[in-house]
1. Binning at 5 angstrom from zero up to the longest distance, how are the C-alpha pair distances of the range 1-77 distributed in percent?
2. If we restrict to alpha carbons, what Rg and Dmax does the range 3-151 come to, in Å?
3. Which order results if 16, 24 are arranged by neighbouring Cβ count within 10 Å, fewest first?
4. Quick check: residue separation of residue 112 and residue 21 times 0.36 nm, minus the Cα distance between them. What number comes out in nm?
5. Rank these for me by crowding, 102, 30, 118, 69, going from fewest to most other beta carbons within 10 Å.
6. Could you calculate the FRET efficiency of residue 10 with residue 82 from 1/(1 + (r/R0)^6), where r is the beta carbon distance between them and R0 is 35 Å, rounded to 0.05?
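All of the numbers you see were taken from the coordinates with simple rules; none came from a lab. What you see is a predicted model, and the numbers here were worked out from it, not measured in a lab. Neighbour counts are summed over all protein chains in view; Cβ atoms, including those assigned to glycine, are modelled from backbone coordinates with ideal geometry.
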Ligand SMILES: CC(C)(COP(=O)(O)OP(=O)(O)OC[C@H]1O[C@@H](n2cnc3c(N)ncnc32)[C@H](O)[C@@H]1OP(=O)(O)O)[C@@H](O)C(=O)NCCC(=O)NCCS
């Protein structure tokens, strides 16, 4: 059974294996996490993993002025559409709710229809668009948010 729990240092090997799968699938290097980055997120308590006798997915976020913002949700290709991504977000929502949180933000590349469909399916609403300019920058991002009524349901 898949368990959602906070990542610990011993999970970094499994997390790097997830990154390797994404690298082989064409994710650019600058979009992949290294061990130092995972350790930093573990130290900040901003990383949940889905564990099923090994790491099958993870959810990473940051906080902007105390507002949690999902940075990356990644599930192994052969374990998608089993509800793992949704369970990771629910795990974060439970933590936020317990701590009095009332909003969760996320974003995706404006052209990534799969990621947008997933966000919508698990309850995020379109919150606007940001145009990024410059090298390595994504051409646009769609912001999505869940408000008080949804996260505190
Ligand atoms: C996006 C991602 C994290 C979703 O994880 P997942 O575990 O497959 O998603 P879930 O099983 O929780 O999906 C929940 C619902 O979202 C919707 N959904 C998920 N993936 C979808 C897709 N590719 N196309 C359309 N709808 C999708 C479905 O309604 C799904 O429910 P259903 O399977 O009962 O129909 C995963 O596909 C992934 O790692 N993608 C590559 C990285 C990425 O794009 N991350 C998101 C932006 S950071």
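1. Answer for the range 1-77: a P(r) of 3, 16, 28, 26, 17, 7, 2, 0 percent.
2. 14.9, 41
3. Listed from fewest to most nearby Cβ atoms, that is 24, 16.
4. 30.9 nm
5. 30, 102, 69, 118
6. On the way: r = 24 Å, r/R0 = 0.69.
Rounded to the nearest 0.05, the efficiency is 0.90.
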